[in-house]
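Below is one structure, written out as C-alpha cells, with a few remarks after it.
The values are calculated or read from the model by the stated rules, or taken from the named source; none is laboratory data. If you're wondering where the values come from, they're calculated on a predicted model, not measured in any experiment. Cβ placement follows ideal geometry from the backbone for every residue including glycine, while neighbour counts extend to all protein chains displayed. What goes into the accessible areas is simple: the full protein's heavy atoms, side chains included, and nothing from ligands, DNA or RNA. Shrake-Rupley method; radii C 1.70, N 1.55, O 1.52, S 1.80 Å.
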Amino acid sequence: MSHQPFTAAALRGAVDLSSLKRPAPPAGPASGAAGTSTDGASVVIEGTDASIRDVIAASAQHPVVMVLWSRRLQESAEFVATLTTVANRYAGRFQLVTVDVDANPTILQAFQVQAVPVSFAFVQGQPVPLFEGVQPEAQVTAVVDQVLALAAQHGVTGTVAAGAEAPEADQAEVEPPLPPLHQKAFDAIEAGDLDAAASAYREALAQSPADADARLGLAQVGLMQRTQDADLQAARAAAAADPADVDAQILVADLDLLGGHVEDAFVRLVDTVRITADADRNRAREHLVELFEVIGTSDERVVRARKALMSALF
C-alpha cells in the first residue's frame with residue numbers, strides 16, 4: 001500500500017488506455033467531462049465504460065483522480081468514502097471519478113489491476129499511479145497536493161464547479177449510435193434486466209454471428225448474471241472444501257474476475273481442468289474459454305492461460 005513519487009516523467013503514461021473504446025455492454029449512460037453525480041454535484045462522478053474517455057479528456061482542463069473499486073468489498077467502499085470526503089474539501093480543484101469494476105469490465109481490462117481499490121490521477125490525459133489498496137485520509141490529502149502541484153507545472157489549473165452542466169461535446173467527438181440490438185441491451189442493463197440484455201445480444205449474434213461486440217457483451221452479461229446474488233465468503237468456502245466441484249470453482253473464478261483477480265481466476269480453472277475428467281473437465285474448460293472472451297483474447301494474461309490450459313489438457 002504505497003504511492004508513487006510524482007515527477008513530470010510520470011506523465012509518459014502508466015497504463016495502456018488503447019482498449020478504452022466504446023464497449024459492449026456499457027454499464028452506464030455516456031456523460032460529458034463534467035457530468036453530474038446522483039447528488040447533482042460534479043466534483044464526484046461515477047465513471048463508466050461508456051463515459052471514461054470523456055472523463056480522461058477533461059483532465060486537460062482540471063486534474064482527475066480515479067478510483068477503481070468493487071461494491072463487493074467493504075474496505076474498497078470505505079476508501080471511496082474517504083476519497084469523496086477529500087474531494088469535497090478541495091471544492092472542485094480536482095474531480096473524483098469512482099469506477100465500480102463489477103459493472104465496468106472494459107475499464108478493469110484496460111488498467112489490468114490485480115486487486116481493488118486502486119487509484120490513478122490524470123493530467124492532460126496521461127495517467128499517473130497513486131495508490132494500491134486503502135490509505136488513510138492524511139496520506140490521501142498529501143498525495144492530492146502533489147497531484148495538484150504536478151498539474152500546475154503542466155498548466156492544468158481549472159476547477160470543477162458543483163452542479164455544473166456538462167459542456168456540449170464537439171460534434172467531431174460524438175460517438176455514433178449503437179446498433180439497435182446493442183442499444184436494447186444497453187438499456188436493459190441500465191434497467192437492471194440482465195435477462196433482457198442477454199436476449200438482445202443473442203438476437204444480435206443470430207443476425208450476425210461475426211459480431212464480436214455482441215459476443216463480448218453476452219459474455220459480460222453472463223458473468224454479471226452468475227454472480228449477482230453470490231456470497232464471496234460462502235463461495236470460497238465451498239470451493240476450498242471440494243476442489244473437484246466444478247460449479248464451486250466456476251463461481252469463485254467468476255467472482256475473482258469481477259474483483260480484478262484475473263490471473264487467480266484463470267489458474268483456478270486450469271487447476272480444475274487438471275483434476276477433473278470427462279463432462280466436468282469439459283465444462284471447466286469451456287467456462288475458462290468464455291472468461292478469455294470477457295478479458296479479451298489478445299490480453300497477455302489470456303495468452304499465458306491458454307498455454308497453461310493446453311498443458312493441462314495434453
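Tell me, rounded to the nearest percent, the portion of alpha carbon pairs in region 195-259 spaced more than 21 Å apart. Tail of P(r) above 21 Å: 37 percent of Cα pairs. Between residue 310 and residue 297, the simple label model (points 7 Å from Cα in the Cβ direction) yields a spacing of 1.4 nm.
For region 101-146, take the alpha-carbon Rg, divide it by the Kirkwood Rh, and send me Rg/Rh. Walk me through the numbers on the way to the answer.
On the way: Rg = 11.8 Å, Rh = 11.8 Å.
On the Cα set of region 101-146, Rg over Rh gives 1.00.
At an R0 of 35 angstrom, the distance between the Cβ atoms of residue 278 and residue 195 translates into a FRET efficiency of 0.70.
In region 101-144, Cα pairs under 8 Å separated by at least six residues give a relative contact order of 26 percent. Computed over protein heavy atoms with a 1.4 Å probe, the carbon and sulfur contribution to the accessible area of region 39-163 reaches 50%. Label region 230-271 by shape, choosing from rounded, prolate and oblate, from the square roots a ≥ b ≥ c of the eigenvalues of the Cα gyration tensor; if a/c is under 1.5 it is rounded, and otherwise prolate applies when a/b is larger than b/c, oblate when it is not. In terms of gyration-tensor shape, oblate.
With q set to 0.11, 0.18, 0.23 Å⁻¹, the log10 of I(q)/I(0) for region 197-314, from the Debye formula over equal scatterers at the Cα positions, is -0.36, -0.94, -1.31. Residues within the reach of a label modelled at residue 157 (point 7 angstrom out along Cα to beta-carbon, backbone nitrogen below 19 Å), restricted to region 117-134, are 123-125.
For region 165-314, the Cβ-based charge dipole about the Cα centre amounts to some 960 debye (Lys, Arg positive; Asp, Glu negative; other atoms uncharged). Sorting the segments 181-193, 147-159 by their mean number of nearby beta carbons within 10 angstrom, highest to lowest, gives 181-193, 147-159.
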